[in-house]
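First up is the structure itself, then whatever we jot down about it.
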Amino acid sequence: MAAAADPQDAKAEEASDTPTLRLDYKPPPYFIDQVSLDFDLGSEFTTVASKLHVVPNYPTGTPPPALKLDGAPDVSLDSIKVSGTDWPAGQYAVDSRGLKIEGLPSGEFELEICVKIKPQDNTLLEGLYMTSGTFCSQCEAEGFRHITYFLDRPDVMSKYHVRIEACKEKYPVLLSNGNLVEMGDLADGRHFTVWDDPFPKPCYLFALVAGDLAKHEDSHTTKSGRKVNLRIFAQAHNMHKVEFAMQALKHAMKWDEDTFGLEYDLDLFNIVAIDDFNMGAMENKSLNIFNSVCILASVDTATDGNFFTIQEVVGHEYFHNWTGDRVTCRDWFQLTLKEGLTVHREREFASDMNSRAVKRIKDADLVRSDQFPEDAGPMAHSVRPESYIKIDNFYTSTVYEKGAEVIRMYQTLLGKEGFRKGMDLYFQRHDGHAVTCDDFLAAMADANGKDLTSFAKWYSQAGTPVLTVTPCYSEADKTLTLKMKQVVPPTPGQPTKEPMLIPVSVGLLSADGSDLPLKLQ
């Protein structure tokens, strides 16, 4: 039976306005390393049965603390079992923000939770919802709590095993993360699929799609010789518009192998185009979901700009497989760790596929038109914010575009070879983990034997530095001296600024525009 809501709901809602502070981060007292989900998609409601392997993270020798799982008002609890035993009502409590379980055993245990949700009534478009007759999910940043009770935070990384059951006529396509390991027909016109993802991921990367969709198939053979099946799903009338996106995906996969030595790690990669998906695109592990405008294009109607956008967005979401999925954020304050880095990778990919000069002009123009005003306004914030009330407010040009410029400065300081060495060490140290911007900086510094301590200010200071360069040429000595002055304007909450480390490239041109020899003193 469904548990009643706690009378403290009003206080819980009021508490949700309290800012979350970066410096208040604490690891959870429990981790969940294995997740089994069983979805029964129905016309009236959807049943979600979860089986979680819970691992203690509290100090040895202390009594087990309560397990507080995130939830939402649209999740209705049916039952709880701990290690196979029905948990007594007096040992758990439900409110609009989650589920609190007490009296837990010491050590590891299995937690089984059964809930009901109504995706067709989900107008928040967070978690699992229906759009144009298709089940679709969006879990970043905190949408998974609208599907079931869970530790909905990015530092809880789990391996997922997912079974989906639905009416075969209405929903012939049933997709989730990982490799497809089983499928079959059931009684009453229903069918099922089973998916297994062997790589740990945070719950914000979980995805599910169920609908009547057509598919376009291709394949990619990795450098190591492994064949990966590639599939793009869309409505049947849009299938003639997916070929460019498929080729962009194959180019992105090869580029990541050639540039960073990063191969795709599963047997299957799926993309789904949804006409009214509530984001541009989402990098769910092996199941990228796109708004149709970011994936579909026909030479009869699309402009060059449309094709460039598709190439960049397909590349961006694919590159997240390593910078975001395999290595993710410890907490949401580190959002630029995956987004700024992946935007940089997307830009480098697009530059190599097209004109590097044109791409750089376009990116610089975007930063000047979108991010500079953000840095100069009342909502100015650093690429790694110090507090938030709702993390959705920080998917900003500062976190993405300025964050990418910060990553580009690493590459300028260290050179492309040095940057690659830093990336290699970053993955060597942190593959399968949730980490911070400081961990990335440390990998770049350690791989190159550099002290990048002062560079860390880019993560903590808001504002656009103003650099004034005054040239002074000595005819007698044939030398040009550049005097540089830097000012970082005050921003809300940061009236006093420290100087920022800014790499400066210098070159000399003759009157006809040709390069002149340059010797730095």
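The values are calculated or read from the model by the stated rules, or taken from the named source; none is laboratory data. What you see is a predicted model, and the numbers here were worked out from it, not measured in a lab. When we count neighbours, we look across all protein chains shown, and the Cβ atoms used for this are built from the backbone with ideal geometry, even at glycine. All accessible areas refer to the heavy atoms of the entire protein, side chains included, with ligands and DNA or RNA removed. Shrake-Rupley method; radii C 1.70, N 1.55, O 1.52, S 1.80 Å.
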Any aspartates and glutamates whose Cα falls less than 17 Å from that of LYS519, other than same-chain ones fewer than 8 residues away, would be GLU475, ASP477
Can you give me the pair-distance distribution of region 306-348, C-alpha pairs, 10 Å bins, whole percents?
32, 50, 17, 2
If you line up the long axis of helix 403-430 against the longest principal axis of the chain, both from Cα atoms, how many degrees apart are they, to the nearest 10?
50
Helix-derived mean residue ellipticity, 222 nm - over the chain, DSSP H n ≥ 4, -39500 (n - 2.57), to 500
-7500 deg cm²/dmol
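Can you put MET484, MET253 in order of accessible area, largest first, using a 1.4 Å probe? Could the numbers behind the result be given before it?
Numbers: MET484 90, MET253 0 Å².
Descending accessible area places them as MET484, MET253.
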With the full set of protein chains in place, find how many percent of the accessible area of the chain is carbon and sulfur; take the probe as 1.4 Å.
53
Within region 201-340, the percent of DSSP beta bridges that are antiparallel, given to the nearest 5, stands at 50
Efficiency of FRET from Cβ geometry, GLU243 and THR123, R₀ 45 Å, rounded to 0.05
0.85
Packing-wise, with mean Cβ within 10 Å as the measure, how do 151-162, 376-387 rank, highest first?
151-162, 376-387
Run down the aspartates and glutamates and flag those whose C-alpha is under 16 Å from the C-alpha of LYS457, throwing out any fewer than 8 positions away in its chain.
ASP375, GLU386, GLU405, ASP438, ASP439, GLU498
Please state the shape class of region 220-363: rounded when a/c is under 1.5, otherwise prolate if a/b exceeds b/c and oblate if not, all from the C-alpha gyration tensor.
rounded
If a/c stays under 1.5 just call it rounded; otherwise compare a/b with b/c (prolate if a/b is bigger, oblate if not). Do that for region 417-521, with a ≥ b ≥ c from the square roots of the Cα gyration tensor eigenvalues.
oblate
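Please go through the residue pairs LYS362/LYS416; LYS241/LYS402; LYS26/LYS485; LYS359/LYS497; LYS116/LYS390 and name each one whose alpha carbons sit more than 30 Å apart in this structure. List each step's numbers first, then the result.
Details: LYS362/LYS416 21 Å; LYS241/LYS402 33 Å; LYS26/LYS485 40 Å; LYS359/LYS497 32 Å; LYS116/LYS390 26 Å.
Check vs 30 Å cut-off fails for LYS241/LYS402; LYS26/LYS485; LYS359/LYS497.
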Gyration tensor (alpha-carbon) shape descriptor, region 140-295, a/c threshold 1.5:
rounded
In whole angstrom, note down how far apart the Cα centers of region 387-457 and region 36-115 are.
36
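Hey, if we sort LEU414, LEU366, LEU516 by accessible area with the 1.4 Å probe, largest down, what's the order? Don't skip to the end; give the middle numbers.
On the way: LEU414 30, LEU366 60, LEU516 80 Å².
From most accessible down to least: LEU516, LEU366, LEU414.
Could you calculate the FRET efficiency of ARG420 with THR62 from 1/(1 + (r/R0)^6), where r is the beta carbon distance between them and R0 is 51 Å, rounded to 0.05?
Numbers: r = 45 Å, r/R0 = 0.87.
Step by step, r from the Cβ atoms, then E = 0.70.
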Under-5 Å amide H pairs with SER382, H placed in peptide plane, nonlocal only
ALA462
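How much of the DSSP bridge set in the chain is antiparallel, in percent, rounded to the nearest 5? Show your work: numbers first, answer last.
On the way: 87 of 107 bridges.
Close to 80 percent.
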Relative to the chain, whose Cα atoms define the longest principal axis, helix 243-260 and its Cα axis are tilted in degrees, nearest 10, by 70
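For the chain, what Kirkwood radius comes out of the mean inverse Cα-Cα distance, in Å?
It is 25.1 Å.
Quick check on packing: order 281-289, 453-461, 327-335, 305-313 by the mean number of other C-beta atoms within 10 Å, highest mean leading. Numbers along the way, then the final one.
Values: 281-289: 24.9, 453-461: 16.7, 327-335: 22.6, 305-313: 18.3.
So the order, starting with the most tightly packed, is 281-289, 327-335, 305-313, 453-461.
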Taking the chain as the reference, fit the longest principal axis to its C-alpha atoms, fit the long axis of helix 335-353 to the helix C-alpha atoms, and give the angle between the two in degrees, 0 to 90, nearest 10.
60
Residue-ordered couplings for region 206-214, obtained by feeding phi - 60° into the Karplus form 6.51 cos²θ - 1.76 cosθ + 1.60 and rounding to whole Hz (Gly and Pro as x), are 5, 8, 8, 9, 9, x, 9, 10, 8
VAL466 paired with SER132, simple spin-label distance in nm, labels 7 Å along Cα-to-beta-carbon
4.9
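By average Cβ neighbour count within 10 Å, what is the ranking of 352-358, 29-35 from highest down? Let's see the in-between values first.
On the way: 352-358: 13.0, 29-35: 18.6.
Packing proxy ranking, top to bottom: 29-35, 352-358.
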